[in-house]
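Q: Submitted below is the structure of interest, expressed as structure tokens.
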Amino acid sequence: MNAIEGYAGWVVPTLTGAIFPLMVTAGMHYGLVPFMMQSIASNGYETIAGPGNLPSNIAQGAASLAVAFKTKNQALKKTAVTTGVTALLGVTEPALFAVTLKYKKVLTSVMIGGGLGGLYAGITGVKSFSFSSPGLLALVAYVGPDGWTNVINASISMVIGFIATFIAVWVWGYKDVLAADQEVAVSSQSKDEVASPMDGVIMPLSEVPDETFSTGMLGQGFAVMPTNGMVVSPVSGKVLNIFPSKHAIGLMSNAGVEILVHIGLDTVNLNGVAFETIVSSGDVVSVGDPLVSCDLNRIQSEGYNSVTMVIITNSTEFEEFNFEKLGSSVKRGDKVLEVTKEKVSGMNGTSNVEPAVS
């Protein structure tokens with residue numbers, strides 16, 4: 001790292017800014033933490049992650065806000081505004097999972113904006129003097145002993161990331177195909193059922209020991225403490241995407257319910273070990289069809305919690321969530337949740353989603 005910084009200090013911030021969304025998706029961003037802490041401890045600052053992560057996170061917020069301004073889908077607009085603001089403050093997972101990963105060109109726009117912001121940060125030698133979650137509130141971490149120059153350059157890198165991403169999404173990255181003549185009133189599909197993907201005990205999300213899920217940040221849903229490693233589809237519909245680490249899978253039900261099945265907490269760090277996927281992106285599935293086989297003993301022996309979350313990532317499109325069997329033991333395929341749409345759905349219950357991760 002010191003050699004790279006000495007001869008081409010712009011390389012690492014540029015790469016980090018560009019690929020950080022992919023690193024978060026694969027859980028690889030945790031691998032940067034030891035280098036960051038070591039650099040701060042030995043040098044008093046770090047240029048490995050912060051200067052690139054900062055414009056990347058801002059780019060995530062810009063992308064969601066651009067989608068919010070452009071879309072006529074009111075439910076998507078609500079989600080995009082909320083997750084966009086959250087991303088600007090440094091928490092990008094809601095924007096990443098609820099907006100960015102659904103559209104390939106939006107993801108590419110974020111990578112472009114983050115990369116350009118990281119390039120500027122690298123060229124101007126931006127340094128982070130403390131560990132923080134990169135966002136608007138983290139600018140204090142860029143206050144150094146040499147006055148305001150470092151903070152100003154960090155701020156400029158954020159502006160570059162925001163503007164470049166917003167323009168890219170607006171001009172090229174997102175096309176709103178939900179036209180008025182494509183909207184149909186929901187009748188028989190105004191409700192949908194979500195089943196348990198695993199054998200085990202059903203828990204409310206509020207009891208999950210991870211604020212990303214327990215606070216409803218990613219959406220409404222439930223959790224199951226599994227007793228068997230077979231994961232099945234909780235709905236009838238289509239597989240949207242499978243995360244590279246195999247610990248999470250995105251689905252779209254035939255009624256338009258967008259679901260994230262997330263197996264375990266921080267299990268992305270296993271890099272696919274203990275997981276075996278049975279389906280592929282684009283596959284059509286029915287309730288109870290096998291999706292993933294996981295080794296619960298291996299997950300737990302590695303020190304990870306195997307609690308599995310079922311998240312409705314487009315929760316803003318639904319008015320009612322009626323849960324059943326909370327606190328009870330269930331078999332995979334048993335009904336746990338019934339959702340009722342708030343108003344009309346678009347495109348006959350389908351979605352203009354392009355899976356960005358396969």
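Q: Too long at a 22 Å Cα-Cα cut-off: which of Lys102/Lys341; Lys238/Lys341; Lys77/Lys246; Lys105/Lys191?
A: Lys77/Lys246; Lys105/Lys191
Q: Moving on to the next point. Mind pulling the angle between the C-alpha long axis of helix 11-26 and the longest principal axis of the chain? Nearest 10 degrees, somewhere in 0 to 90.
A: The angle comes out near 20 degrees.
Q: Under a point spin-label approximation (7 Å from Cα along Cα-to-Cβ), what is the Asp146-Lys104 distance to one decimal in nm?
A: 4.3 nm
Q: Still on this structure, please answer the following. Multiply the residue gap between Glu338 and Glu211 by 0.36 nm, knock off their C-alpha separation, and tell me the result in nm, one decimal place.
A: Residue separation times 0.36 nm, minus the Cα-Cα distance, leaves 43.3 nm.
Q: Going by average Cβ density within 10 Å per residue, which order do the peptides 190-203, 86-99 take, highest to lowest?
A: Ranked from most to least packed, the peptides come out as 86-99, 190-203.
Q: Using Cβ counts within 10 Å as a stand-in for footprinting exposure, how do Met158, Met28, Met252 rank, fewest first?
A: In increasing order of surrounding Cβ atoms, one gets Met28, Met252, Met158.
Q: How far, in degrees from 0 to 90, does helix 104-123 lean away from the longest principal axis of the Cα atoms of the chain, to the nearest 10?
A: Once rounded, one gets 20 degrees.
Q: Once you have the Cα-Cα distance between Asn254 and Asp266, take 0.36 nm times their residue separation minus that, and quote the gain in nm to one decimal.
A: 1.4 nm
Q: If you average the sequence gap of Cα pairs under 8 Å that are 6 or more apart and divide by the length of the chain, what percent do you get for the contact order?
A: That works out to 19 percent.
Q: Here's a follow-up. Classify region 184-349 as rounded, prolate or oblate from the Cα gyration tensor: take a ≥ b ≥ c as the square roots of its eigenvalues, call it rounded if a/c is under 1.5, otherwise prolate when a/b beats b/c and oblate if not. Before the final figure, lay out the partial values.
A: Working: a/c = 1.82, a/b = 1.48, b/c = 1.23.
Verdict is prolate for region 184-349.
Q: How would Trp148, Trp170 line up from fewest to most surrounding beta-carbon atoms within 10 angstrom?
A: Numbers: Trp148 11, Trp170 17.
With the fewest neighbours first, Trp148, Trp170 line up as Trp148, Trp170.
Q: Sorted by mean Cβ packing within 10 Å, highest first, what order do the peptides 312-318, 113-119, 70-76 take?
A: 113-119, 312-318, 70-76
Q: Here's a follow-up. Take the Cα radius of gyration of region 2-173 and divide it by 2.2 N^0.38 Å, with N its residue count; two decimals is plenty.
A: 0.98
Q: Nearest 500 deg cm²/dmol is fine: what mean residue ellipticity at 222 nm does the chain get from its DSSP H runs of n ≥ 4 alone, each adding -39,500 (n - 2.57), divided by its residue count? Numbers along the way, then the final one.
A: On the way: 10 runs with 126 residues, N = 358.
Using -39500 (n - 2.57) per qualifying helix, the result is -11000 deg cm²/dmol.
Q: When the chain is modelled as a GNM with alpha-carbon springs shorter than 10 Å, which of Ala18, Ala41, Ala255 fluctuates the most?
A: Evaluated over the chain, the most mobile residue of the options is Ala41.
Q: Further question: What is the gain in length, in nm to one decimal, between Val273 and Ala41 on full extension, counting 0.36 nm per residue of separation less the C-alpha to C-alpha distance?
A: 80.3 nm
Q: Follow-up question, since we're still on this one. Give me His29, His247 sorted ascending by neighbouring Cβ count inside 10 Å, so fewest comes first.
A: His29, His247
Q: Let me ask another. Using Cα atoms only, what is the angle between the long axis of helix 50-70 and the major principal axis of the chain, expressed in degrees (0 to 90) to the nearest 10?
A: So the helix axis and the longest Cα principal axis differ by about 50 degrees.
Q: Based on the Kirkwood radius over alpha-carbon pairs, what is the Stokes-Einstein translational diffusion coefficient of region 89-145 at 25 °C with 0.890 mPa s viscosity, in µm²/s? List each step's numbers first, then the result.
A: Numbers: Rh = 12.9 Å.
This corresponds to a translational diffusion coefficient of 190 µm²/s.
Laboratory data are not the source of any read-out in this text; all were calculated from the coordinates shown. Owing to the predicted nature of the structure, the values given are computational and were not obtained by experimental measurement. Quick reminder, even Gly has a Cβ in these numbers, built from the backbone with ideal geometry, and neighbours come from all protein chains shown.
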